[in-house]
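Peer 1: One structure is given below, represented as structure tokens, and several questions about it will come after.
The values are calculated or read from the model by the stated rules, or taken from the named source; none is laboratory data. Quantities reported herein were computed from a predicted structural model and do not represent experimental measurements. Methodologically, a virtual Cβ is constructed for each residue, glycine included, from the backbone with ideal geometry; neighbour enumeration extends over all protein chains shown.
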Amino acid sequence: MKIDLQQVEDASKEIYIRALKLLPPDIKAGFKRLDATETNATGKAILGTMIRNITVAEANTNLLCQDTGIPIYNVVIGANVVFDGYQLKQAITKGCARATKEHPLRSSVVHPTTRQNEHTSCGRGVPVINIDFSDKPDELSIEMIPKGSGSEFNSWLKMALPADGIDAIKTFVIDCVLEAGGKTCPPTIVGVGVGGTADLCVHLSKVAATRPLGVACTDPEGAKLEKELSAVVNKLGVGPQGLGGDSTSFAVHVETAATHITLNPVAVNMQCHSARRSRATFTPQGLSYGF
Amino acid sequence: MAHFEFDMPVTEAQIREVRVNDTVTLNQTLYGIRDATQIHMFDKGRKTRFDLRGHAVVHTAPNVKWVGETEAHPSGYEPICIGTTTSARMERFTRPLMEQYGVRIIIGKGGLFAASQSAFKDIGGIYLAIVGGAAALETTWIEQIEEVDLDDLNPESLWKFRIKGFGPLLVAMDSHGGNLYTEVNKVARDNRAEVLAALGVKSTKSA
């Protein structure tokens, strides 16, 4: 299956804009669930405003949130998909810059020391492009995530001790939620990385934070841990926007990796309530858009 | 819990009447300000030509489109999507904004801390919590970008918006020491031990 790189560029533009405007159905369902159970009047009013905002964005074909984020593209490649990998990355970067110029969008990306903004949403190492492979031979999937800074600002890594066990992981997650308060734009998806190396652990926390609601960790131990944490996180009372209530998080998601005998790493990365994602899927039948 | 309609700018007396859990809706003028704007104003010695006395600022960097200066868009910018960013990063600028420029209202999300709280108390100011991430809705409250200053910092320029029915916004910090964020934070920290016990954690010291 041969891939047309111009089509990849166009799709990379399209999915950035789509991600900013259309909230995935699992997040909308998450709002419905939280709204039905919220007991705090302020929290209920804030959830109501958030839900109204989703409708206004759709009606006005406007962005859900002003924060266009750091653009992340997750590419998953099937065995029969043929393309030049270097040029694919170029095509994605061009599509990202075109979305910014042509819509136009606020470029939220600057050089880390000069703070120079190229007004393309691109720069050294950005967009972030992650490459992986799948067992679907005739499919190329590109997922786009505009990662907002309110939630990204609150990211943590702790290289805990093996002797402190799983209690250290649980305590760390709860303390991160408390420290984040309203700064991460709750209700959030709390992404937890457990194990691996330091960098893999942080990466896993991002994978967890951006995983669709209702999808469980494929490691049974991770699934058990995220179920336990999800059951209690909303008892803290942080609430929507940190102004009190039951709806602190949609869920806690955990991703795991094997680690060294001396290590017990845990990382937390959060996704805000504007938990935006979109996807372009290339198959022999053509290109389709979804979440 | 009272509701206030403010035609901007306001006086200190108007601000002193307001208490946490009240709501406020703003009309007429609102300024947009952000990290880089304030870094340049307070750390790099730059000045704005705008008169901010008695006004409100919102922590923002909007999505705009350059369309050229017209009657409908006197700044040359058409608003696309205007929302609000996390205030916490800009804590140290609250007092100089109030002392040097006479700002009375800060609009943001996530709240501010003790230094801002004391500035609100000493000088007469309030913090209004907007719903972060609800920018499509917020944009409908903005009629026009009237003027822009320090635009080399775009999108972190100093923006002058003409607004209509901007709110209702929740008063989260007032000029009498009231602070909803610290109240909620205390409740949440008090719930910590119970939550950790429910997770079967034996020691509740910080991990």
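Peer 1: Do you know which of the residues in the range B:121-150 that are closer than 18 Å to B:TYR31 by Cα, surrounded by 24 or more Cβ atoms within 10 Å (Cβ to Cβ) and not hydrophobic (A, V, I, L, M, F, W, C) is nearest to the other protein chains (Cβ to nearest Cβ)?
Peer 2: It comes out as B:GLY132.
Peer 1: Would the range A:96-119 turn up any residue that is outside any loop (DSSP other than H, G, I, E, B) and over 22 Å from B:PRO62 (Cα atoms)?
Peer 2: No, every residue in the range A:96-119 fails to be outside any loop (DSSP other than H, G, I, E, B) and over 22 Å from B:PRO62 (Cα atoms).
Peer 1: OK, next. For B:GLY111, state whether it is assigned to a loop (DSSP other than H, G, I, E, B) and within 13 Å of chain A (Cβ to nearest Cβ).
Peer 2: Yes; evaluated as a whole, the condition is true for this residue.
Peer 1: OK, next. Does the range B:98-120 hold any residues that are surrounded by fewer than 19 Cβ atoms within 10 Å (Cβ to Cβ) and of a type in the set (S, T, N, Q), and which are they?
Peer 2: B:GLN100, B:SER118
Peer 1: If I ask for residues that are in contact with a Leu (Cβ under 9 Å, 6 or more places away or on another chain) and either β-branched (Val, Ile, Thr) or assigned to a strand (DSSP E or B) (or both), which ones from the range A:56-84 would you list?
Peer 2: Across the range A:56-84, the qualifying residues are A:VAL56, A:THR68, A:VAL75, A:VAL76, A:ILE77, A:VAL81.
Peer 1: Another question, then. When the residues of the range A:195-241 are narrowed to those that are among the polar types (S, T, N, Q) and surrounded by fewer than 16 Cβ atoms within 10 Å (Cβ to Cβ), which ends up nearest to the chain's Cα centre (by Cα)?
Peer 2: Among residues in the range A:195-241 that are among the polar types (S, T, N, Q) and surrounded by fewer than 16 Cβ atoms within 10 Å (Cβ to Cβ), the one nearest to the chain's Cα centre (by Cα) is A:THR218.
Peer 1: Considering only the range B:151-166, how many residues are closer than 17 Å to B:ALA72 by Cβ and either crowded, with 19+ Cβ neighbours inside 10 Å or within 11 Å of chain A (Cβ to nearest Cβ) (or both)?
Peer 2: Here the count works out to 4.
Peer 1: Let me ask you something else. Within the set of pairs 6 or more residues apart or between chains, which connect a residue that is under 30 Å from A:VAL56 (Cβ atoms) inside the range B:83-102 to a residue that is of a type in the set (D, E, K, R) and part of a helix (DSSP H, G or I) with Cβ atoms less than 6 Å apart?
Peer 2: B:GLY83/B:GLU138; B:ARG89/B:ASP35
Peer 1: While we're on this one: Give the residues of the range A:123-135 that are at pLDDT below 95 and surrounded by 14 or more Cβ atoms within 10 Å (Cβ to Cβ), sorted by residue number.
Peer 2: Answer for the range A:123-135, where residues must be at pLDDT below 95 and surrounded by 14 or more Cβ atoms within 10 Å (Cβ to Cβ): there is none.
Peer 1: Now for a different question. Contact list please: Cβ distance under 6 Å, first residue in the range A:272-291 and within 14 Å of chain B (Cβ to nearest Cβ), second residue of a type in the set (A, V, I, L, M, F, W, C), pairs at least six apart or on different chains.
Peer 2: A:CYS272/A:CYS185; A:HIS273/A:MET50; A:HIS273/A:CYS185; A:SER274/A:LEU64; A:SER274/A:CYS65; A:ALA275/A:ILE27; A:ALA275/A:ILE189; A:ARG276/A:ALA19
Peer 1: Okay, next question. Considering each residue of the range A:250-289, count those that are surrounded by 15 or more Cβ atoms within 10 Å (Cβ to Cβ), among the small types (Gly, Ala, Ser) and over 14 Å from the mean Cα position of the chain (by Cα), and give that number.
Peer 2: 3
Peer 1: In the list B:VAL20, B:VAL24, which residue meets the criterion of being farther than 28 Å from A:HIS119 by Cα, within 11 Å of chain A (Cβ to nearest Cβ), among the aliphatic types (A, V, I, L, M) and surrounded by 18 or more Cβ atoms within 10 Å (Cβ to Cβ)?
Peer 2: Of B:VAL20, B:VAL24, the one residue that is farther than 28 Å from A:HIS119 by Cα, within 11 Å of chain A (Cβ to nearest Cβ), among the aliphatic types (A, V, I, L, M) and surrounded by 18 or more Cβ atoms within 10 Å (Cβ to Cβ) is B:VAL20.
Peer 1: Condition first: hydroxyl-bearing (Ser, Thr, Tyr) and closer than 21 Å to A:LEU63 by Cα. Now tell me which residues in the range B:62-79 satisfy that.
Peer 2: B:TYR77
Peer 1: State all residues of the range B:5-27 that are among the hydrophobic types (A, V, I, L, M, F, W, C), over 25 Å from B:THR140 (Cβ atoms) and touching a residue at least 40 places away in the same chain (Cβ under 8 Å); if no residue qualifies, say none.
Peer 2: Hits for the range B:5-27 are B:ILE15, B:VAL20.
Peer 1: Quick check, is B:HIS40 surrounded by 24 or more Cβ atoms within 10 Å (Cβ to Cβ) and in contact with a helix residue (DSSP H, G or I) (Cβ under 8 Å, 6 or more places away or on another chain)?
Peer 2: Considered against the rule, which asks whether it is surrounded by 24 or more Cβ atoms within 10 Å (Cβ to Cβ) and in contact with a helix residue (DSSP H, G or I) (Cβ under 8 Å, 6 or more places away or on another chain), B:HIS40 comes out as no.
Peer 1: Among the strands (runs of 3 or more DSSP E) contained in the range A:128-176, which hold 1 or more residues that are of a type in the set (Val, Ile, Thr)?
Peer 2: Correct list: A:128-133, A:140-147.
Peer 1: Given the conditions (1) aliphatic (A, V, I, L, M); (2) surrounded by fewer than 23 Cβ atoms within 10 Å (Cβ to Cβ); (3) in contact with a Cys (Cβ under 9 Å, 6 or more places away or on another chain); (4) over 22 Å from A:LYS206 (Cα atoms), and given that A:LEU63 satisfies all but one, which numbered condition is not satisfied?
Peer 2: (2)
Peer 1: I would also like to ask the following. Tell me yes or no: at least one residue of the range B:147-166 is under 23 Å from A:GLY43 (Cβ atoms), part of a strand (DSSP E or B) and of a type in the set (D, E, K, R).
Peer 2: no
Peer 1: Could you grab me the full set of residues in the range B:167-202 that are assigned to a loop (DSSP other than H, G, I, E, B) and more than 7 Å from every other protein chain (Cβ to nearest Cβ)?
Peer 2: Selection gives B:ASP174, B:SER175, B:HIS176, B:GLY177, B:GLY178, B:GLY200.
Peer 1: Taking the criterion of being surrounded by 23 or more Cβ atoms within 10 Å (Cβ to Cβ) and farther than 30 Å from A:TYR289 by Cβ, would at least one residue in the range A:146-160 satisfy it?
Peer 2: Yes, the range A:146-160 contains at least one residue that is surrounded by 23 or more Cβ atoms within 10 Å (Cβ to Cβ) and farther than 30 Å from A:TYR289 by Cβ.
Peer 1: So, in the range B:114-129, exactly how many residues are in contact with a His (Cβ under 9 Å, 6 or more places away or on another chain) and either within 27 Å of A:GLU152 (Cα to Cα) or outside any helix (DSSP H, G or I) (or both)?
Peer 2: 0
Peer 1: Against the conditions (1) within 11 Å of another protein chain (Cβ to nearest Cβ); (2) surrounded by fewer than 24 Cβ atoms within 10 Å (Cβ to Cβ); (3) touching a helix residue (DSSP H, G or I) at 6+ places or on another chain (Cβ under 7 Å), where does A:ASP164 fall short? Just the number, please.
Peer 2: Tallying (1) within 11 Å of another protein chain (Cβ to nearest Cβ); (2) surrounded by fewer than 24 Cβ atoms within 10 Å (Cβ to Cβ); (3) touching a helix residue (DSSP H, G or I) at 6+ places or on another chain (Cβ under 7 Å), A:ASP164 fails exactly one: (3).
Peer 1: If you don't mind, another one. Can you find a residue that is of a type outside the set (S, T, N, Q) and farther than 25 Å from A:ASN53 by Cβ anywhere in the range B:132-143?
Peer 2: Within the range B:132-143 (the criterion being of a type outside the set (S, T, N, Q) and farther than 25 Å from A:ASN53 by Cβ), the answer is no, since none of the residues qualifies.
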